[in-house]
Amino acid sequence: YLDGVEAERNYQHIESTSFFIRKLESILRDFNEETQDTSKKLDLVLFLDACEHISRISRIISQPEGHALLLGVGGSGRRSLSKLSAYINMHKLYTVEVGKGYNFAKWREDLKDLILQAVAQNRQLTFLVSDTQMVDTRMLEDINCLLNTGNILGMQLNQDEKKKVDDAAKLECSKKGLPPTQVNLQQQAVQLVKMNTHVVFCMSPLREGFLDKLRMFPSLISCCTIDW
């Protein structure tokens, strides 16, 4: 991405680490200039270690079905570096706002919105979420399903939402020469979710239940690339 965010991506040997850092500082300035909400601007010091993490996260989410598990203590920059990585890949950043009164029903509404954007709008999304936002164990089950199959069990769509998903799935069937049967429509919708959604899950090894969560929800490891 050192030739520019929108340039063709080729692996190149970086001759100078100072050039590498200056280039990422330039991308950070572009991000802040394009971000109208001042509360969402990033105030970062891009030392070499941070730049290397940006490259790792960026490379992970640029891959088909690429998901990242970021392990580190709170305040180590996992979320901020992920936001810049999503910008580098021209992904829309999708996050959830967990405040007072946030529950599983609201989580499902957020997930439904994520899936509709991935399928009906057919756009690349980076879904940034952390263990501190998991106020209900069922939320981790949904993340596990999203990583593993791209299908959320028990997700209910109304008629209008289902029509949007079916229309996008029919278009995919048409491109691939498949008959628009119900089975094919469902498979293509799930495939769009898998191809367009890149989960970046932030965890702290210091939080209670860290190892238990990894054992209970194995897709966090088997379906993600770990960046410590």
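The values are calculated or read from the model by the stated rules, or taken from the named source; none is laboratory data. Keep in mind it's a predicted model, so treat the numbers as computed, not measured. Here the Cβ positions follow ideal geometry from the backbone for every residue, glycine too, while neighbour counts run over all protein chains shown. Just the protein is used for accessible areas: all its heavy atoms, side chains included, with ligands, DNA and RNA removed. Shrake-Rupley method; radii C 1.70, N 1.55, O 1.52, S 1.80 Å.
Quick notes
- Using the alpha carbons alone, the radius of gyration of region 1-69 stands to its Kirkwood radius in an Rg to Rh ratio of 0.97.
- Sequence of CYS202, CYS223 from largest to smallest accessible area, 1.4 Å probe: CYS223, CYS202
- In Hz, Karplus ³J(HN,Hα) per residue of region 185-200 (6.51, -1.76, 1.60; θ = phi - 60°; x = Gly, Pro): 4, 5, 5, 5, 5, 5, 5, 5, 4, 5, 7, 9, 9, 10, 7, 10
- When the solvent-accessible area of region 134-228 is split by element, carbon and sulfur atoms take up 54 percent of it, the probe being 1.4 Å.
- Accessible surface of region 57-98 [probe 1.4 Å, protein heavy atoms]: carbon and sulfur percent: 47
- Directionally averaged shadow of region 2-115, computed from the convex hull of its alpha-carbon atoms, nm²: 8.8
- Per residue, the convex hull spanned by the Cα atoms of region 137-228 amounts to 115 cubic angstrom.
- Probe 1.4 Å, protein heavy atoms only - accessible area per residue of the chain in square angstrom: 55
- Translational diffusion of region 61-143, µm² s⁻¹ [Kirkwood Rh, Cα pairs; Stokes-Einstein; 10 °C; 1.306 mPa s]: 114
- Coil-residue GluC sites (Glu not before Pro) of region 1-48, DSSP, other Cβ within 10 Å capped at 10: GLU6, GLU8, GLU15
- According to the calculation over all Cα-Cα pairs in the chain, the P(r) per 10 Å bin from zero is 7, 30, 34, 21, 7, 0 %.
- Pairs of Lys in region 17-146 closer than 16 Å at Cα, counting only those 8 or more apart or on different chains: 6
- The GluC sites (Glu not before Pro) of region 48-149 that meet both conditions, a loop assignment by DSSP and at most 11 other Cβ atoms within 10 Å of the site Cβ, are GLU97.
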